[in-house]
Amino acid sequence: MRYLDRLQPLALFAMRIALGAIMTAHGYHKVFGGLHGFAHAVGGMGLPYWLGYVSAFTEFLGGLLLMIGLFTRPAAFAICVNLCVAIWKVHLHNGLLGSADRPGYEFPMAAAAIAFALIFFGAGPIALDHVLRGGSGFSR
């Protein structure tokens with residue numbers, strides 16, 4: 001099983017790419033397709049409306065940062081918080097699985113778990129974070 005340990009950088013890379021792509025896509029539609037409307041929808045949930053702007057840019061820019069592996073831990077933290085608030089304010093009352101017209105919290109919970117793991121494991125060696133701090137190669 002020791003050979004599987006050598007594949008851990010690939011696993012972190014896959015986690016970053018998957019979560020980053022998901023968050024970038026969700027954020028893109030908010031940033032470029034109705035930013036002000038989203039901000040006011042957030043305000044309608046009892047949160048300050050300006051947090052809608054923070055949320056949209058956290059999803060979009062945070063997702064991009066995850067995909068390139070730059071500022072991975074802060075980006076993952078911001079995304080994790082964003083997803084936890086989404087679960088709390090949007091999805092929790094729909095239950096784990098929700099229904100056809102009201103999604104549950106299973107998907108944001110899974111994405112938050114990936115973000116949580118990235119906070120503690122970091123980007124891994126296949127990332128700009130690793131290159132910028134002077135890392136070389138993929139060995140540990």
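FYI, it's all coordinate maths here, none of it is from the lab. Being a predicted model, the structure only gives us computed values, none of them experimental. Note that we place each Cβ from the backbone using ideal geometry, even for glycine, and neighbour counts take in every protein chain shown.
List every residue whose amide H lies under 5 Å from the amide H of Gly98, counting only residues 5 or more places away in sequence or on a different chain, with H placed 1.01 Å from N in the peptide plane.
Here the answer is Gly104, Tyr105, since their amide H atoms fall under 5 Å of that of Gly98.
Along the Cα→Cβ direction, 7 angstrom out, place labels at Phe121 and Leu97. What is the inter-label distance in nm?
If labels sit at Phe121 and Leu97, their model points lie 2.8 nm apart.
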